[in-house]
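Data first, discussion second: the structure below is written as structure tokens.
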Amino acid sequence: MTALWAFSYPSPTVRAWLTDTAAAGPTVGGFLHVTLAAVAAGLVLSTLRWLIIDNIHAMTGLPRPPFDYGRLSERLSGFDTLVRHHYDYYKFHGNMLIAVALWIAVRHLSPGQMTLRIDSLDLLAGTLLVVLFVGSRDNLRNYYQRTAMLLGKAKNRRGGVPSRAS
């Protein structure tokens, strides 16, 4: 929804989806349009999170460990718990980070809105970006550490941990 809200600035169609105050009231079709558009936007945000945030974390000292998935079947319940308690929150924080950054950019660069003037809403959004980044990093670190404790690290044929090239 945050990404849709961002695109309501340049798009009258999206703005109408989100703010339609027709006398007839909300419609099932309108609800479905917004729901499908929000799901699609969420999937795009997940891809952007993977492309941007995952790589920033990896390049700044939080690389993904090579887990030993051979142990997964016997520890699936614990793994599911770690995903729910850490990785799902990481995805939320990372996706919202991208969505809020997108909202800031589109808000300032849309036709009729072009301004580089910073207001209190930008300061609030900037603070939110920092909080979301720190939250995403903490949740991802907890997920990596606890999943490595649960599954162990994968080993190559010579007994060592595989390199990034493996």
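The values are calculated or read from the model by the stated rules, or taken from the named source; none is laboratory data. Bear in mind the structure is a predicted one, so any value in this text is a computation, not a measurement. Positions of Cβ are backbone-derived with ideal geometry, glycine not excepted, and every protein chain shown enters the neighbour counts.
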- Task: Please work out which residue is surrounded by the most Cβ atoms within 10 Å (Cβ to Cβ), limiting yourself to the stretch 32-78 and to residues that are among the polar types (S, T, N, Q) and closer than 30 Å to Gly152 by Cβ.
- Result: Ser46
- Message: Let me confirm something: among Ile118, Ile53, which residue is at pLDDT below 90 and of a type in the set (A, V, I, L, M)?
- Response: Ile118
- Message: Given (1) of a type in the set (Ser, Thr, Tyr); (2) more than 22 Å from the chain's Cα centre (by Cα); (3) outside any loop (DSSP other than H, G, I, E, B), identify the lone condition not met by Tyr87.
- Response: (2)
- Item | Answer residue from the stretch 106-115, given it is modelled with pLDDT of 75 or more and among the hydrophobic types (A, V, I, L, M, F, W, C) and is farthest from Ala3 (Cα to Cα) among those | Leu109
- Task: Answer yes or no as to whether Leu116 is surrounded by fewer than 14 Cβ atoms within 10 Å (Cβ to Cβ), touching a helix residue (DSSP H, G or I) at 6+ places or on another chain (Cβ under 8 Å) and not in a helix (DSSP H, G or I).
- Result: yes
- Query: Would you pick out the residues in the stretch 22-81 that are closer than 19 Å to Leu151 by Cβ, in a helix (DSSP H, G or I) and aromatic (Phe, Trp, Tyr)?
  - Reply: Tyr69, Phe79
